[in-house]
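Chemist: Dropping the structure in here first, questions after.
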Ligand code: ADP
Ligand code: MG
């Protein structure tokens, strides 16, 4: 009996924790790729920390440790990585806004985490597909109490100026869209490019078409994907059948541009401009999160298109998960350290409890249950 109560208490407590909003940072280490010499800069990994071995010029000690909410080593599977993301999916259906970012230098595994490898198998599906699968699955489970409408929107931010929907119904032209405030949808882009969807297969088709359109519309396609932020936004609208109350949530799945710093002496012209825009927007993302943490009266959302776009999903009401990717190679060590420093700055942030867009009875009930279970436990002790 006692153990059951403990177990129950723990479960409920975790559920309440999951519903609390905060910023989580997970670090993922890519495995060595075929043909790479496997001299690793990763010294030690456990569930929540990672040690990087550093060449002498980075400090006397020869190693640096970083702490995160979770660290995934090179052998972590896509399924394992997703299992720690899953509670956020439910949150979107419950009316929260959720942002999931993939951060890291080019080649560190951002796209692998979000989408998967080029040739997809069921085991290798990334977070995007798994999240959508879960959304459809849970919304079906709840079909007797809720009626959900799910739609997706794909946006690419390239060079700050261009915000182009790479959506099949409005492809090719790189439109410059106005970003507006829209607290209703939790997304600052007009809904026009949003496409209703009912299954993961449909979304995969849309994404394929979107990718192709994007490829055609860009002039120098030479790995442009690593120099733009690509954002898949899923809007969820749920109507509770009994009360008619509507709950809206959304989830942004963002594959960020590569965070590597470009040597100014080596690049010129367009390439330099791109690099400056990327630095600016990634720095702006870090600034916004740290301003939120310090409860600053001014949150500098307007400093980049990215933060403007995600404004409604980065405040106190929202939940954020950042996957930080690092490569294990020794010659990446300088980028690895700067990636981990950026991540640590973000990880130190604790946002206040996220508020659900509607007062959620379930949360209250859970809190009461936890309180009474705690009281029961206290009596027994
Ligand atoms: P990024 O998007 O950060 O530039 P990618 O996701 O394209 O990096 O990864 C670079 C290469 O490494 C790709 O060939 C990818 O399939 C491979 N890769 C990345 N992460 C993993 C992983 N966890 N397991 C196996 N291969 C990976
Ligand atoms: Mg990529």
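Chemist: Take region 68-89 and flag every residue that is more than 15 Å from ligand 1 (Cβ to nearest atom) and over 14 Å from residue 127 (Cα atoms).
Modeler: Correct list: 68, 69.
Chemist: Identify, please: which residue in region 297-329 is farther than 22 Å from residue 85 by Cβ and in a loop (DSSP other than H, G, I, E, B) and is, among those, nearest to the chain's Cα centre (by Cα)?
Modeler: Checked region 297-329; the qualifying residue nearest to the chain's Cα centre (by Cα) is 304.
Chemist: Okay, next question. With within 16 Å of ligand 2 (Cβ to nearest atom) and not in a helix (DSSP H, G or I) as the only criterion, which of 149, 156 stands out?
Modeler: 156
Chemist: Need the failing condition index for residue 90 against (1) modelled with pLDDT under 95; (2) within 16 Å of ligand 2 (Cβ to nearest atom), just the number.
Modeler: Just one mismatch for residue 90, condition (2).
Chemist: Same structure again: Here are the criteria: (1) closer than 24 Å to residue 258 by Cα; (2) surrounded by fewer than 19 Cβ atoms within 10 Å (Cβ to Cβ); (3) at pLDDT 55 or above. Tell me which single one residue 172 does not satisfy.
Modeler: (3)
Chemist: If I ask for residues that are in contact with a helix residue (DSSP H, G or I) (Cβ under 7 Å, 6 or more places away or on another chain), more than 16 Å from residue 83 (Cβ to Cβ) and either within 16 Å of ligand 2 (Cβ to nearest atom) or assigned to a strand (DSSP E or B) (or both), which ones from region 117-145 would you list?
Modeler: If the condition is that a residue be in contact with a helix residue (DSSP H, G or I) (Cβ under 7 Å, 6 or more places away or on another chain), more than 16 Å from residue 83 (Cβ to Cβ) and either within 16 Å of ligand 2 (Cβ to nearest atom) or assigned to a strand (DSSP E or B) (or both), then 117 is the only one that fits.
Chemist: Also, quick follow-up: Report, by residue number, each residue of region 252-270 that is more than 13 Å from the chain's Cα centre (by Cα), surrounded by 10 or more Cβ atoms within 10 Å (Cβ to Cβ) and more than 10 Å from ligand 1 (Cβ to nearest atom).
Modeler: Across region 252-270, the qualifying residues are 261, 262, 264, 267, 270.
Chemist: For region 55-106, name all the residues that are surrounded by fewer than 19 Cβ atoms within 10 Å (Cβ to Cβ), in contact (Cβ under 8 Å) with a residue 12 or more places away in the chain and either on the phi > 0 side of the Ramachandran plot or part of a helix (DSSP H, G or I) (or both).
Modeler: 58, 79, 86, 87, 90
Chemist: From the list 215, 275, exactly one residue is within 16 Å of ligand 1 (Cβ to nearest atom), at pLDDT 80 or above and either assigned to a helix (DSSP H, G or I) or in contact with a strand residue (DSSP E or B) (Cβ under 8 Å, 6 or more places away or on another chain) (or both). Which is it?
Modeler: 275
Residues checked against (1) more than 16 Å from ligand 1 (Cβ to nearest atom); (2) modelled with pLDDT of 95 or more:
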{"site": "98", "(1), (2)": "yes, no"}
{"site": "108", "(1), (2)": "no, yes"}
{"site": "117", "(1), (2)": "no, no"}
{"site": "129", "(1), (2)": "no, no"}
{"site": "161", "(1), (2)": "yes, no"}
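The values are calculated or read from the model by the stated rules, or taken from the named source; none is laboratory data. Everything quoted here is computed from the prediction, not taken from an experiment. As a convention, Cβ positions derive from the backbone with ideal geometry for all residues, glycine included, and neighbour counts pool all protein chains shown.
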